[in-house]
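Report on one structure; see the data block that follows.
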Amino acid sequence: MSENAAATPTDSPEAVQAGLVSSAYQQALEVIAGVEPRVAEATRQELADQRASLKLIASENYASPAVLLTMGTWFSDKYAEGTVGHRFYAGCQNVDTVEALAAEHARELFGAEYAYAQPHSGIDANLVAFWSILAHRVEGPWLEKYGAKNVNELSEEDWESLRHELGNQRLLGMSLDAGGHLTHGFRPNISGKMFHQQQYGTDPQTGLLDYDAVRAKAKEFRPLVLVAGYSAYPRRVNFAKMREIADEVGATLMVDMAHFAGLVAGKVFTGDEDPVPHAHVVTTTTHKSLRGPRGGLVLAQEEYAPSVDRGCPMVLGGPLSHVMAAKAVALAEARQPSFAGYAQRIADNATSLADGFLSRGANLVTGGTDNHLVLLDVSSFGLTGRQAESALLDAGVVTNRNSVPADPNGAWYTSGIRLGTPALTTRGFGHDEFDQVAALIVDVLKSTTPGTTKAGGPSKASYRLEDGVADKTRAASAEMLDKHPLYPGLELV
Ligand code: DSN
C-alpha cells in the first residue's frame with residue numbers, strides 16, 4: 001500500500017494488479033449506477049474524500065483491495081448459524097471453508113489456542129466473551145450441581161435462580177475517561193447494565209495505569225471479570241501484571257485488543273505486552289490497526305473454547321460469511337513478513353507525531369505515547385475537543401474529539417483530540433511527514449478561537465478559524481498526500 005505509483009513501471013506486478021483493481025471497481029460501480037446512481041456517486045465521492053484528507057482517526061485504516069473485494073460477493077446471501085461442520089442450515093460447505101481459514105490464520109498469527117471468527121463487530125465480540133465467561137464460570141457449575149446437560153433440563157425454579165445468579169456478577173474495567181471503552185462496563189452500555197460494574201482509572205498526576213491501585217480495587221471488589229484494553233490510552237499495558245491481579249482475586253482476565261491488534265500481530269507488543277498468552281479470553285476488531293474488514297474476533301484459551309463457540313445462538317445470529325472470508329484474507333496478509341515492518345512504523349510514527357506536538361509546546365495526556373495513538377489536550381489552546389475537531393475538519397484533518405481523564409467538559413464537548421497513525425502509515429507517511437502533520441495541527445489550533453453563545457457567553461461548540469488557514473493547511477497536506485496515494489494506480493473514469 002505504501003508503494004509510490006509514480007515510480008512503478010506499467011508492466012510491473014503492482015501496476016498489473018492496480019489495473020485489475022481499477023477495472024473491477026469501474027465495472028462494479030457501473031452495475032450499481034444502473035440501479036441507484038446516487039449510491040454509486042457517493043461511493044466514488046467517498047474515495048475522493050478519503051484520498052484528499054489526513055485521516056488520523058486512531059480506530060480507522062485502509063483495508064487492501066483484496067480485503068474490500070472479498071466482502072462484495074455472494075457469501076453475503078448465505079445463512080450459516082452454527083459452527084464449522086455443525087450448521088443449522090444446509091449447503092454451508094464453502095462457508096465452512098472460509099470460517100475455518102479465518103480461525104486458522106487467527107490462531108497462527110496470534111499464537112492462540114482457539115479463535116472464533118463470527119462476531120460482526122467489536123461490541124459483538126465483547127458480548128460473546130462476556131457471556132461465554134458467564135457460561136463457563138457460572139452456568140456450567142450450576143448445571144453440574146443439578147446434574148443437567150443444558151438449561152432446558154432445569155426446573156422453572158432452578159432456572160429462575162440461575163438467571164438471577166448470572167445477572168449478579170461483577171466486572172472491573174478501565175473507565176471511559178481514562179481511555180477504556182464503553183463496552184468495558186460503562187453504565188449506558190449493556191456491559192454496565194448486565195454486570196455490577198466498577199472502573200479503575202489512571203494516576204491523576206501521570207495519567208498512567210497504576211497496577212497497585214488496580215490490584216487494590218480488584219481485591220476490594222472481587223470481580224468475576226477483569227477487563228484490560230483501551231481505545232484512548234496512549235501507552236502499553238503489562239498484561240502479565242493484569243493476569244497476576246486476576247489470579248489473586250479469582251477473576252477471568254479478558255483483554256480487548258481492538259485498537260492494538262495490529263501491533264500484537266506485527267510483534268511490536270511481545271512478552272508481557274502481548275495479551276494472548278496472559279488473558280483467558282481476548283477480543284478484537286479486525287478493521288483497526290489490523291487492516292482487515294469491519295468485524296470482530298474472539299481468541300480464547302482452550303478451557304473457554306466450548307463456551308465461546310456458542311456465540312451463536314448465545315448472542316449472535318447468522319454469521320456474515322462474506323466478512324469472515326475477508327477476515328481470512330486480511331489475516332493472511334498480516335501473516336506476511338512485511339506486516340511486522342508496517343506495525344513497527346505505526347508505533348515509530350506515533351512517537352514522531354507526539355514529539356512533533358511536544359516540541360511545539362502542546363500538552364499530551366501521559367506526556368507522550370508508546371503505541372499507535374496520541375491524546376492531545378487542547379485546553380491549553382483555549383478550545384474544547386469539539387471546537388478543535390471541527391476546525392481541523394475544516395482544514396482537511398480528520399480526527400475525533402475524546403475525553404481526557406477527569407474531563408471538565410464531559411464526554412460530548414471533551415477537552416481532547418485523539419489521533420492515531422495506522423491509516424496514514426498505510427499510505428506510506430513516515431517520520432518527517434508526521435512531524436509536519438503535528439506542525440499543521442498546532443497551527444490550525446493556534447489560529448482557532450472559541451465563539452460565543454446567543455446569550456453572549458463562551459460557547460463550547462462554535463469557533464472561528466482565521467481566514468486562509470484552512471486553505472494553507474489543505475495545500476500543505478495535499479503535497480504529502482500526493483506523494484503517498486491511497487490505492488496507487490486505482491483509477492476510475
Ligand atoms: N469506535 C471505536 C473507536 O473509535 O475507538 C471503538 O469502538
Return an integer: the convex hull volume of the alpha-carbon atoms of the stretch 292-410, in Å³ per residue. 200 Å³
Quick calc: nm separation of the 7 Å Cα→Cβ label points for ALA213 and LYS446 -> 3.3 nm
Which shape class applies to the stretch 15-152: rounded if a/c is under 1.5, otherwise prolate when a/b exceeds b/c and oblate if not, where a ≥ b ≥ c are the square roots of the Cα gyration tensor eigenvalues? prolate
Scoring the stretch 1-109 by relative contact order with C-alpha pairs under 8 Å, at least six apart, yields a percentage of 11 percent
Quick check on the chain: helices-only [θ] at 222 nm, where DSSP H runs of length 4 and up contribute -39,500 (n - 2.57) each and the sum goes over total residues. Nearest 500, please. -13500 deg cm²/dmol
Near PHE339, within a Cβ-to-Cβ distance under 10 Å, what is the net charge of the other residues, with Lys and Arg +1 and Asp and Glu -1? +2
So what is the orientation-averaged projected area of the stretch 354-493, using the convex hull of its C-alpha atoms, in nm²? 9.9 nm²
Got a sec to turn the phi values of the stretch 430-438 into Karplus ³J(HN,Hα) couplings, 6.51 cos²θ - 1.76 cosθ + 1.60 with θ = phi - 60°, whole Hz, x for Gly and Pro? x, 3, 5, 5, 5, 5, 5, 4, 4
Value of relative contact order over the stretch 146-304, rounded to a whole percent, pairs C-alpha under 8 Å and six or more apart: 16 percent
Which entries of LYS288/LYS483; LYS78/LYS327; LYS193/LYS219; LYS288/LYS472 show an alpha-carbon separation above 28 angstrom in the structure shown? LYS288/LYS472
Can you give the convex hull volume per residue for the Cα atoms of the stretch 221-320, as a whole number of Å³? 115 Å³
For the pair HIS164/GLU41, report the inter-label distance in nm, with labels modelled 7 Å from Cα in the Cβ direction. 6.1 nm
Assign one of three labels to the chain, namely rounded, prolate or oblate, based on the Cα gyration tensor with a ≥ b ≥ c the square roots of its eigenvalues; rounded applies when a/c is under 1.5, prolate when it is not and a/b is larger than b/c, and oblate otherwise. oblate
Gyration tensor (alpha-carbon) shape descriptor, the stretch 79-196, a/c threshold 1.5: oblate
Below 8 Å, C-alpha to C-alpha, sequence gap of six or more: please give me the relative contact order for the chain in percent. 22 percent
Taking every DSSP beta bridge with both residues inside the chain, roughly what % is antiparallel (nearest 5)? 60 percent
Per the 1/(1 + (r/R0)^6) rule, R0 = 56 Å and r from the Cβ atoms of ALA100 and ALA455, FRET efficiency to 0.05 is 0.35
Full extension from ARG187 to SER338: what is 0.36 nm times the residue separation minus their Cα-Cα distance, to one decimal in nm? 50.3 nm
Other residues with Cβ under 13 Å from the Cβ of GLU491 give, with Lys and Arg +1 and Asp and Glu -1, a net charge of +2
13 Å beta-carbon shell around ALA218, net charge (K/R +1, D/E -1): +1
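All of the numbers you see were taken from the coordinates with simple rules; none came from a lab. From a predicted model like this one, the values you see are computed outputs, not experimental measurements. Don't worry about glycine lacking a Cβ; one is built from the backbone with ideal geometry, like all the others, and counts go over all protein chains shown.
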